[in-house]
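Working notes, structure below.
A short reminder: the numbers here are calculations on the coordinates, not readings from a lab. These numbers come from a predicted model, not from an experiment. Positions of Cβ are backbone-derived with ideal geometry, glycine not excepted, and every protein chain shown enters the neighbour counts.
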């Protein structure tokens, strides 16, 4: 390319300005002083990564009280020394310049610094005045002890079930899928399936960006010469697609038809695994109304219901060529191949999320691709302890620890016994799920909005809730509503908070997470939190104790003792509600060991705390052996691995909903989406994540390397659509839905390539909040919203001419 | 990024724009992109590299400073057009 002097000068000018801007941006929030103090040796300790549900282990290097280095943990089975780009920078998340350091209370519209004593008093008084209208909104980023403490506090203490995690927004449909198929939550398989499968099918999933270490495990096999067939069934081309042998691009919502099409072919070609089905499966379908357990069906009825789903009909619905549907059917028909399916938000954030989960489990069961290494259907999680805390501790509005539910009298009695509570303390009525909770909070009290105080811990609903104007921003107008937010940085949620509590994060506190493959992982506190930031778990206990002092009866157990009373090894009570004494004992260990006894009902036996300290995570059920050692269980329900399978059985679904050790194969029909493109809104709008940022970017956007790599949100468009709309890369487009509009720069032929008629926008950017316009509709069973499809329109932002320049150029 | 040929000789200025804390980058981008003398680079958090190409740089500089969403305009360097320099002459300058 010929470059004349003027072009050279202009390019150089831009390069120089970019260098200066980059230096300023980096220097602003990641001071060099955070690194490289000399003199003290680096101390290394283990911890799971703070970000996604993969559960990679890292080695954390600490020097002079600060994290100075991060390594992938070579001893960890999950990642074997590898990390993704976020993981390598995980240490930087602690050192953003704007860490919250003091409690702040809003007075006259402005947040003012207050003492912890005042903050705790404000919360306790607020709850004590009206405990039934109080709610806790947490997340899959709660450590297990944090979630357990919050759960015990509100359900066991306040007799109030209004607690839900943001995991409701990301994997509730996986939970209802597992329960309605196997009778118990969480996967049978594990990551070992990725090392053993011949075919890996990714259903609406982009692991190359969202679970890159897991994806690398598969790609590494190819580089070693192994043959692994990768199939991407998706609604847009992604980085994952580039590695795939097959890409099946489907019209949003028609994944239901594709799964039914595969089942149809298995039956039509007499290629289903009759031995497996006869021995281990029943058939199920929805009744008049959709429920978690549905009603019994038969093989004959199942076959009849599937008859319409010919490859040609599926092509008509989905746009996937019939021969590709046949290809899938032929693969599932082969017994010599090991097939693993994985999915994440594409299937879970779906108004038919429970159904599509059921169907994918169903084709694995129908074809017998289940129960041996490499044959598994597995939902991946996006948060580090979505499984460990949200699902196992049961911080969902209907749940109790260890797979119990509030509606079951026996389960309530179990919990009251474990917690030494008076009989009848636990409320049998499920609390509000996430969308209901925020609807009630954002509805005026006089109009029936019966949640008046919400305490948000370790999450950012001001950015992640769908239809944000309706479900979050309305709060601003309601003076009698009170929002408490414990956070590490200012966020879209703290912007509306009445009380902000500065929180310790990750290795600034002890913790335990549970990852996507049933692996429980522990770490110790390594560095001090900044300023007056404190542990979320301590905050819960401190508020509970203040309520105890105020005479709230729920904070007393049967014997009148404080429900969080803790004793050290010498039996001396430690006042853990006082911050200066919180670390006089290991409260994590105390809470975890108390919680561990809940884990046996559903055969999810957790390892003792000391075993977790020694390991890089252990997959439950973890069973004590005759020689005193503890053994994890990689594959559940299979005799070769799971000690709970009875002698003489190869497969046993011992929590079957039909009480006969069988899993359920469901029929669920395809139906159009809640909101389909129309004349006025002719595009599909899909939202999601990017490699560099974790969820709402509150942590990763404080790491300059990650922020600079992906500085802002954008709208991915098909180039033909962009051309038709008169848009080119970098132009500002207006994306409009029935709920509002947002302006975003256009990116075509970028990282993701949506087909014509569809748009993709990532949700990490707090300055460009796509969730202002997403759909609030939820799956009728899981109550999980659909962030992956709604109708939208796009157009170039009308131009306002700049003011005239006095001299003509 | 598109770099086009300007119709007339003009100076080039390399600048960094510091956005105000309340700035909306998306809307500001539209305003700045529509200015014929300004080429934007990739924004780095609050700092936006840009090139001004104009006969009268000062006017564009002032226009940028007048934008409410821009807190500061810093000049990295300026390159004057070759033909705007004094023409070489055999005559000595006036003593």
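Some observations on this one:
- Three-way shape label, the range A:397-493, alpha-carbon gyration tensor, a/c 1.5: prolate
- Test item: A:759-769 mean partner chain Cβ contacts at 10 Å: 1
- Rounded FRET efficiency, nearest 0.05, which uses the C-beta distance separating residue A:292 from residue A:19 and R0 of 51 Å: 0.35
- Peptides ranked, highest mean first, by Cβ atoms within 10 Å: ranges A:50-57, A:142-149: A:142-149, A:50-57
- Rel. contact order, % - alpha carbon contacts under 8 angstrom, at least six apart, the range A:254-347: 36 percent
- Entry note, chain A: the mean residue ellipticity at 222 nm calculated from DSSP H runs of n ≥ 4, each adding -39500 (n - 2.57), is -7500 deg cm²/dmol after division by the residues and rounding to the nearest 500.
- Fewest-first ranking of A:179, A:541, A:70, using other Cβ atoms within 10 Å as the exposure measure: A:70, A:179, A:541
- Shown is the FRET efficiency for residue A:117 and residue A:561, computed with R0 = 25 Å from the Cβ-Cβ distance and rounded to the nearest 0.05: 0.60.
- Working from label points 7 Å from Cα in the Cα-to-Cβ sense, the residue A:220 to residue A:660 distance is 4.4 nm.
- Report note on the peptides A:691-700, A:400-409, A:420-429: ranked by the mean count of other C-beta atoms within 10 Å, highest first, their order is A:691-700, A:400-409, A:420-429.
- Legend: mean number of C-beta atoms from other chains within 10 angstrom of residue C-beta atoms, peptide A:571-584, equals 0.
- Bridges between two residues of the protein assembly as shown, per DSSP, are antiparallel at a rate of about 60%.
- Building the convex hull from the alpha-carbon atoms of the range A:718-809 and averaging its projection over directions returns 8.4 nm².
- Mean partner shielding of peptide B:27-35, defined as the number of other chain Cβ atoms within 10 Å of each residue Cβ, is 5.
- Taking the range A:442-548 and dividing mean pair separation by its residue count, relative contact order in percent (alpha carbons under 8 Å, at least six apart): 20 percent
- Cα gyration tensor shape for the range A:109-229, rounded if a/c is under 1.5, else prolate or oblate: prolate
- Neighbour-count ranking [beta-carbon atoms within 10 angstrom, fewest first] of B:12, A:201: B:12, A:201
- Spin-label model, residue A:301/residue A:572: points 7 Å from Cα along the beta carbon direction are separated by 6.6 nm.
- Gyration tensor (alpha-carbon) shape descriptor, chain A, a/c threshold 1.5: rounded
- Cβ-based exposure ranking for A:568, A:414, A:220, in which fewest neighbours within 10 Å come first: A:568, A:220, A:414
- Ranked by the mean number of other Cβ atoms within 10 Å of their residues, highest first, the peptides A:291-300, A:708-717, A:782-791 fall in the order A:782-791, A:708-717, A:291-300.
- Relative contact order, percent, chain A [alpha-carbon distance under 8 Å, six or more residues apart]: 18 percent
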